[in-house]
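First the structure, in the form of structure tokens, and then the observations on it.
Laboratory data are not the source of any read-out in this text; all were calculated from the coordinates shown. Keep in mind the model is a prediction, meaning the values are calculated, not measured. Because the Cβ atoms are built from the backbone with ideal geometry, glycine has one as well, and the counts that use them run over all protein chains shown.
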Amino acid sequence: MIISLANIFLIYFIPATFFPTTVDSVMAIQGEWRLQQASIGITAMHLQLLHNNKIVIYDRTDFGASNISLPGNRCRFDPQEKVLKTDCSAHSVLYDPVTNEFRPLTVRTDIWCSSGAVLADGTLVQTGGYNDGDEVIRIISPGDAGNDFCDWVEFPGFLSKRRWYATNQILPDGRVIIIGGRDQFSYEFFLPESILLGKNSEVPSLFDFPFLKETKYRNHEENNLYPFVHLLPDGNLFIFANRRSIVLDYKNNSVVREFQSINGEPRNYPSSGSSVLLPIDENSPVLETEIMVCGGSTSPNAFHAAQRGMFLRASSTCGRLNVSDNDAEVRWRMHEMPMPRVMGDMLILPTGDILIINGASSGSAGWERARDPVTRPLIYQTQRIPDENDGNRFSVMEASPRPRLYHSTALLLIDGRVLVGGSNPHIGYNFSGVEFPTDLSLETFHPPYLATQYDPLRPRIIQVMNNLSYKKPFSLVFFVTNLLKSSGVISIRIIAPPFNTHGFSMNQRMVVLKRGDVSFVSYNTYNISVVGPSTPEIAPPGHYMMFLVHANIPSSGVWVLIQ
């Protein structure tokens, strides 16, 4: 792109006060929506971004043919299937958000309501599912250039127990812990090398977990499925199920702490609130760890009430818990959202704020059990100084033209956009004669920070090491047209790309890296000194999106590998 000297002069000498630099001024813009694909052939029920910027998407194999065929006349034959024993359609695709193209992937066992995590080398490990898929491990690698040949590889019977509605968490040592599932009150581990060694080993990998049985509400709709799991900086796990939460020392299979129950009613499937680990800031003199849980149902009976045609109002509350507070009586601090929401997704944006998107304002998760779609996302401002009116932290965004209900998904892209897809509140594909047809589209939400008026403040990362080491200093070179001089105006943040399904983004975390001085390099180009994350407990080994944020405006991200 060619820029005239006159334009350079005008941009460079605009005073800094001309630009809005506060969080509030950025949030005054409500973002915008753009349709990416009218149909990818399947409904986006599960999403995972890989470090080559391709996205693995899949739904389920057991409700009939999709709208995209498998290549080369390939078909899947399963005599146990109730709908199609021979299915020549795909139920997984690989999508490229840069080129806006997609291609079918081949999956042969049922991946409905499964879970996933990305290993340190970038391989997606997908666990469990339904019926013939409930004990299956599947892997897909980013592959070589172009990803023309990468596809699912499946290992049936690999898991010790059926894992349907389970949760995965990547651990500091590279293992994946797989927790719960319908009527499974246990957890087990997946070791990357176990694919080569086989699942049998001398080291026990299955452990009882009574907490899940204690939080079960009903025989079939437990309100504790897809438990919210977050890796804490001390290496233990925060686990939330129903209304209760604990800290689990998985190394010794012991509960080391239990917190006060959250206000209100259940928050897990099918009540289906969402949860996020708030950004971990390594610049803070005291490393605080906070969990946030938002939305859900206002009654444990919401699922069954909807079955009878009574769609109860969803919860409008968020709870925020400081798990690093050693006070035995520490309680959830409650916030009131501008509107109720069930089946929403919570995503960490590059700014460190939380996007709450998708869902409904009445009913619960499950087939046909929700009404009143919530099409306006919210942004919760984590950077605001706490005050008495915490409701001021929420900003209401532009509405999507498309309702996103049961089985909708969302994830952050490397350029700062948010990809949104899915919504199929029916037992099969259903496009007519229903209030909320199956949606096969993909759209993007552009948060306020992507508005063109902020381009003079938008930094661009020019150079950074691709491989980072723990506690090791490195330099980052960036360009910005109008650098502001105020303290704390620049931060370096890394985000782990999560696995998203059913309102929860597994393995999602942001770490604000310790930063040093900014020095001038040349015209509008600067160098900043940064330090890699302190420990694998704070940032497990693997690929992360790195963003530089200047005056609340983030750069596009770059991929880095922490090892």
So if R0 is 45 Å, what FRET efficiency would residue 452 and residue 286 give, r being the distance between their Cβ atoms, rounded to the nearest 0.05? 0.70
Taking the Cβ of each residue in 343, 337 as the centre, tally the other Cβ atoms inside 10 Å and list the residues starting with the fewest. 337, 343
Just check region 203-354 against the gyration tensor rule for me: Cα atoms, a ≥ b ≥ c as the square roots of the eigenvalues, rounded for a/c under 1.5, and otherwise prolate or oblate depending on whether a/b exceeds b/c. oblate
Note to self, the chain gives a 222 nm [θ] from helices alone (DSSP H runs n ≥ 4, -39500 (n - 2.57) apiece, / all residues, nearest 500) of -1000 deg cm²/dmol
Over the Cα atoms of region 411-511, what radius of gyration and what Dmax do you get, in Å? 19.4, 60
Could you check the simple spin-label distance between residue 475 and residue 74, using points 7 Å along Cα→Cβ, in nm with one decimal? 4.8
Most packed first (mean Cβ within 10 Å per residue), the peptides 409-419, 304-314 order as 409-419, 304-314
Using r as the Cβ-Cβ distance of residue 206 and residue 35, and R0 as 56 Å, what FRET efficiency do you calculate, to the nearest 0.05? 0.80
Longest the chain segment clear of GluC sites (Glu not before Pro) sitting in DSSP loops (not H, G, I, E or B) with at most 12 other Cβ atoms within 10 Å runs 1-192
In region 36-65, whose amide N lies under 16 Å from the spot 7 Å out along Cα-to-Cβ of residue 86? List them in ranges. 65
Partnerless cysteines (no other Cys beta carbon under 4.7 Å) identified across the chain are 113, 150
Under 8 Å for C-alpha pairs, at least 6 residues apart: give me the relative contact order for the chain, rounded to a whole percent. 15
Just need log10 I(q)/I(0) for the chain at q = 0.09 Å⁻¹, Debye formula, equal scatterers on the alpha-carbon atoms, no solvent, rounded to two decimals. -0.64
Among 471, 216, which comes first, second and so on when ranked by fewest other beta-carbon atoms within 10 Å? 471, 216
